[in-house]
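Asker: This structure is in structure tokens; I'll ask about it shortly.
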């Protein structure tokens with residue numbers, strides 16, 4: 001990293017410490033459970049602008065920016081579109097949550113699952129989303145660490161520890177209320193920084209916007225495999241991300257659906273635009289994972305801007321992960337619904353989520369592999385109104401996890417691959433995996449004929 005990094009290291013520390021301390025100072029203090037877990041302020045929920053901004057900034061995070069840049073570098077504009085495909089998740093989640101609340105009367109995903117499949121389903125689902133939140137901590141802080149030093153170096157580790165600790169500090173103060181409040185500020189900063197960065201790129205001698213748009217080829221081996229896989233995973237991916245779904249139950253229905261649709265559109269555009277950093281690097285002979293080298297073409301100012309936008313986006317995702325984990329433990333699992341307990345769980349996930357940074361896990365796999373492991377949630381939520389026996393939930397989810405494991409260990413039969421090139425295994429394991437999960441989900445209907453066999457004993461079938 002040397003050179004430029006060393007020259008601006010002090011400014012990077014100023015940005016990390018300064019922004020975190022500012023948020024700690026101005027973030028609202030939550031004293032009630034309504035404020036800490038549901039972001040309620042004097043009985044009022046977040047409006048559409050606050051909710052939309054919070055959704056966008058909590059998903060346009062550090063690892064996504066890095067991934068979009070790398071995919072743009074590798075596949076050109078198709079790579080950027082492929083990663084933007086994951087933001088279809090907002091549309092899917094928004095529609096499903098809207099009808100879960102309006103027609104089903106459910107107050108959370110946990111409420112729905114317990115009503116349909118019993119307490120066991122709650123425990124299994126909670127393990128899945130806890131793993132997701134655990135991944136969000138290390139995968140975002142690792143990106144931050146890479147801007148302070150090489151992997152394994154003292155600056156790398158210290159930057160992660162300081163960044164995580166300071167973000168935890170203001171998260172402890174206000175919970176979800178603090179998270180959404182800080183998201184609004186971070187979204188404004190994010191938009192300004194993105195505009196400045198793109199303006200600088202478009203003005204660079206020898207590289208035009210037209211050239212960047214013309215990069216890439218629309219073929220299976222150059223990004224389309226990932227694009228289709230991303231759209232397929234969007235049918236299940238959002239439901240194992242409480243950072244998104246928690247925000248679907250705190251505002252009125254019309255506000256919620258409006259915010260989710262807008263967030264999907266805005267988020268996809270933002271992440272697509274970030275792929276231009278990688279495309280620009282490719283046109284100028286710079287390889288993947290080289291945002292720093294790209295910035296060097298413009299001097300330390302652009303590098304500082306890129307680092308700042310990474311800090312802003314990572315902090316937003318991190319504080320949202322802390323607040324979602326606290327709600328999961330205190331409210332959804334009903335372990336102890338107090339603000340004090342919520343704060344204790346935040347500290348636990350911050351510590352546990354930091355441990356993997358010492359083992360150098362792959363950042364992209366945190367999205368693609370975990371996204372495959374939860375494809376079993378597809379029929380559960382997409383067909384939420386269809387009543388199936390409890391066993392259907394476990395069969396579908398178990399099959400999805402098995403498919404994800406097979407993909408992770410690269411045990412993919414060549415006979416099911418009908419396209420060539422990068423990410424073809426990801427695509428076809430998701431295609432056949434979703435078909436398998438859906439079949440297993442509905443299969444028990446062939447054997448269970450009576451409603452009392454379908455629903456848990458404590459649930460009144462007449463309600464449905």
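No lab work stands behind these numbers, since they all come straight from the coordinates. What you see is a predicted model; the values in this text were computed from it and never measured. Don't worry about glycine lacking a Cβ; one is built from the backbone with ideal geometry, like all the others, and counts go over all protein chains shown.
Asker: Quick check: the angle from helix 62-75's long axis to the longest principal axis of the chain, C-alpha only, nearest 10 degrees?
Answerer: That helix lies at roughly 70 degrees to the long axis.
Asker: A follow-up question, please. What is the ratio of the Cα radius of gyration of the chain to 2.2 N^0.38 Å, with N the residue count, to two decimals? Show your work: numbers first, answer last.
Answerer: Values: Rg = 21.9 Å, N = 464, 2.2 N^0.38 = 22.7 Å.
Relative to the rule-of-thumb radius for its length, the chain sits at 0.97.
Asker: Order of 265-277, 410-422, 343-355 by packing, highest average Cβ count within 10 Å first?
Answerer: Values: 265-277: 22.5, 410-422: 11.8, 343-355: 17.4.
For the peptides 265-277, 410-422, 343-355, the packing ranking is 265-277, 343-355, 410-422.
Asker: Between residue 153 and residue 25, 0.36 nm times their residue separation minus their Cα-Cα distance comes to what? Can you show the working numbers first?
Answerer: Details: separation 128, 0.36 × 128 = 46.08 nm, distance 3.10 nm.
Extending this stretch completely gives an extra 43.0 nm.
Asker: Please compute the length gained on full extension between residue 338 and residue 261, using 0.36 nm multiplied by the number of residues separating them and subtracting their Cα-Cα distance.
Answerer: On the way: separation 77, 0.36 × 77 = 27.72 nm, distance 3.25 nm.
Additional length available on full extension: 24.5 nm.
Asker: What is the gain in length, in nm to one decimal, between residue 102 and residue 202 on full extension, counting 0.36 nm per residue of separation less the C-alpha to C-alpha distance? Show your work: numbers first, answer last.
Answerer: Working: separation 100, 0.36 × 100 = 36.00 nm, distance 4.59 nm.
Gain in length upon complete extension: 31.4 nm.
Asker: To the nearest 0.05, what FRET efficiency results for residue 406 and residue 385 with a Förster distance of 30 Å applied to their C-beta separation?
Answerer: Details: r = 31 Å, r/R0 = 1.03.
My answer for the efficiency is 0.45.
Asker: Let me ask another. Could you tell me how many degrees, from 0 to 90 and to the nearest 10, lie between the Cα long axis of helix 2-26 and the main elongation axis, the longest principal axis, of the Cα atoms of the chain?
Answerer: 50
Asker: Can you grab the distance from the C-alpha centre of region 88-104 to the C-alpha centre of region 229-284, Å, no decimals?
Answerer: If we compute the Cα centre of each part, the gap is 14 Å.
Asker: What is the distance, in nm, between label points placed 7 Å from the Cα along the Cα-to-Cβ direction at residue 131 and at residue 219?
Answerer: Using points 7 Å along Cα→Cβ, the separation is 3.6 nm.
Asker: Given region 181-328, report the % of alpha carbon pairs whose separation exceeds 23 Å. Don't jump to the answer; show the numbers that get you there.
Answerer: Working: 5279 of 10878 pairs.
Of the Cα pairs, 49 percent sit more than 23 Å apart.
Asker: On a 0 to 90° scale, report how tilted helix 300-327 is relative to the longest principal axis of the chain, with both axes built from alpha carbons and the result rounded to the nearest 10.
Answerer: Around 20 degrees separate the two axes.
Asker: How high is the FRET efficiency from residue 162 to residue 419, r the C-beta distance, R0 56 Å, rounded to 0.05?
Answerer: Numbers: r = 45 Å, r/R0 = 0.79.
FRET efficiency, residue 162 to residue 419: 0.80.
Asker: Moving to a separate point now. Please compute the modelled spin-label separation between residue 348 and residue 209, points set 7 Å along Cα→Cβ, answer in nm with one decimal.
Answerer: If labels sit at residue 209 and residue 348, their model points lie 5.0 nm apart.
Asker: Ranking request for peptides 43-54, 235-246, 159-170: highest mean number of other beta-carbon atoms within 10 Å first, then the rest in descending order.
Answerer: On the way: 43-54: 19.1, 235-246: 24.8, 159-170: 20.6.
The packing order, highest mean first, is 235-246, 159-170, 43-54.
Asker: If you average the C-alpha positions of region 286-354 and of region 29-73 separately, how far apart do those two centres end up, in angstrom?
Answerer: A separation of 11 Å, based on Cα centres.
Asker: Which whole-number percent of Cα pairs in region 1-88 have a distance greater than 21 Å?
Answerer: Values: 2266 of 3828 pairs.
More than 21 Å apart: 59 percent of the Cα pairs in region 1-88.
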